[in-house]
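Below: one structure, written as structure tokens.
The values are calculated or read from the model by the stated rules, or taken from the named source; none is laboratory data. As the structure is a computational prediction, the values presented were derived from the model and not from experiment. As a convention, Cβ positions derive from the backbone with ideal geometry for all residues, glycine included, and neighbour counts pool all protein chains shown.
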């Protein structure tokens, strides 16, 4: 692999509705501080801005963000605005609504009537007159419940032109079917990576059959979630990494991208070196045997 020459285009492209994106994108959550949602340790502003600009230089044209990605003194949306506006014509910015955080960092969940305000907050922070993609981030309490009322509000905002395309996040196949009956869904954004359960794998395949992008978060972090990747990797991951002279994180990304042409990776980092490595993972091709060995690490439970 030659990380210094690899670009996000190397992994191929996919269409979110009428918007074509490179399959390796960028998640903005970690731009705001050393730990997600930490109000005590703001990130270095200039470093965060330089990472965003470098991502675009490397061909990243799909950035995932949210207005609730903020820490003390730092807002992911405002960093994106500062770094990249006026925005490149091909840049797609996806955000998400339903959860929110007040200035003290406390979480709250929007009523259907409050969703427009959340959309407008993203528009204001990003300096846009419309949002390319808005994901409805479904709370755990709705895992088995209806999302029709909330998704219907976003569909109305799409009809008015404030939103171009819609997605759902933290979703089930039932949520996808319910949403698709209301308005087109261009992406499903769920936790997914090496170790995914059989149910998660099946949902990924279902999305592919419907030409819906599957956008995993925590593809590198795995069980570490918002806290980031753990220090330990299975011997299987480490062995594949050694065979290709790459990092375990790159192996995890390559395996995830190998699950189908509709899978889009959005690894996040505030580290310029990690950014280059993440983009370079798009050129890493694992053998069928390596893919199978990594797939065998699935979890038996959700």
Report task. Have a look at 93, 80 and point out the one that is buried (at least 19 other Cβ atoms within 10 Å of the Cβ), under 19 Å from residue 137 (Cα atoms) and touching a strand residue (DSSP E or B) at 6+ places or on another chain (Cβ under 7 Å). Result -> 93
Requested in this report: For region 38-47, indicate whether the set of residues that are closer than 25 Å to residue 166 by Cβ, out of contact with any helix residue (DSSP H, G or I) (no Cβ under 6 Å at 6 or more places or on another chain) and modelled with pLDDT of 95 or more is non-empty.
Outcome: no
**Report entry** Qualifying positions in region 180-206 - crowded, with 17+ Cβ neighbours inside 10 Å, out of contact with any helix residue (DSSP H, G or I) (no Cβ under 6 Å at 6 or more places or on another chain) and in a helix (DSSP H, G or I)
**Finding:** 200, 204
Query - Filter pass, residue 20 being surrounded by fewer than 21 Cβ atoms within 10 Å (Cβ to Cβ), at pLDDT below 95, in contact with a strand residue (DSSP E or B) (Cβ under 7 Å, 6 or more places away or on another chain) and over 19 Å from residue 276 (Cα atoms) - result: no
Report task. Examine region 232-251 for a residue that is within 13 Å of the chain's Cα centre (by Cα) and modelled with pLDDT under 95, and state whether such a residue exists. Result -> no
Requested in this report: Scan region 54-64 for residues that are in contact (Cβ under 8 Å) with a residue 60 or more places away in the chain and part of a loop (DSSP other than H, G, I, E, B) and report the count.
Outcome: 3
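If you check residue 105 against the conditions, is it in a loop (DSSP other than H, G, I, E, B), out of contact with any strand residue (DSSP E or B) (no Cβ under 7 Å at 6 or more places or on another chain) and surrounded by fewer than 16 Cβ atoms within 10 Å (Cβ to Cβ)? Write out each step before concluding.
Details: in a loop (DSSP other than H, G, I, E, B): yes; out of contact with any strand residue (DSSP E or B) (no Cβ under 7 Å at 6 or more places or on another chain): yes; surrounded by fewer than 16 Cβ atoms within 10 Å (Cβ to Cβ): yes.
Against the criterion (in a loop (DSSP other than H, G, I, E, B), out of contact with any strand residue (DSSP E or B) (no Cβ under 7 Å at 6 or more places or on another chain) and surrounded by fewer than 16 Cβ atoms within 10 Å (Cβ to Cβ)), residue 105 qualifies.
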Requested in this report: Tell me, yes or no, whether region 23-35 has at least one residue that is closer than 20 Å to residue 189 by Cβ and either without any contact (Cβ under 8 Å) to a residue 40 or more places away in the chain or surrounded by fewer than 16 Cβ atoms within 10 Å (Cβ to Cβ) (or both).
Outcome: no
Report summary line: Taking region 254-281 and keeping only residues that are part of a helix (DSSP H, G or I) and touching a residue at least 40 places away in the same chain (Cβ under 8 Å), one is left with 255, 256, 257, 272, 275, 276, 277, 278, 279, 280, 281
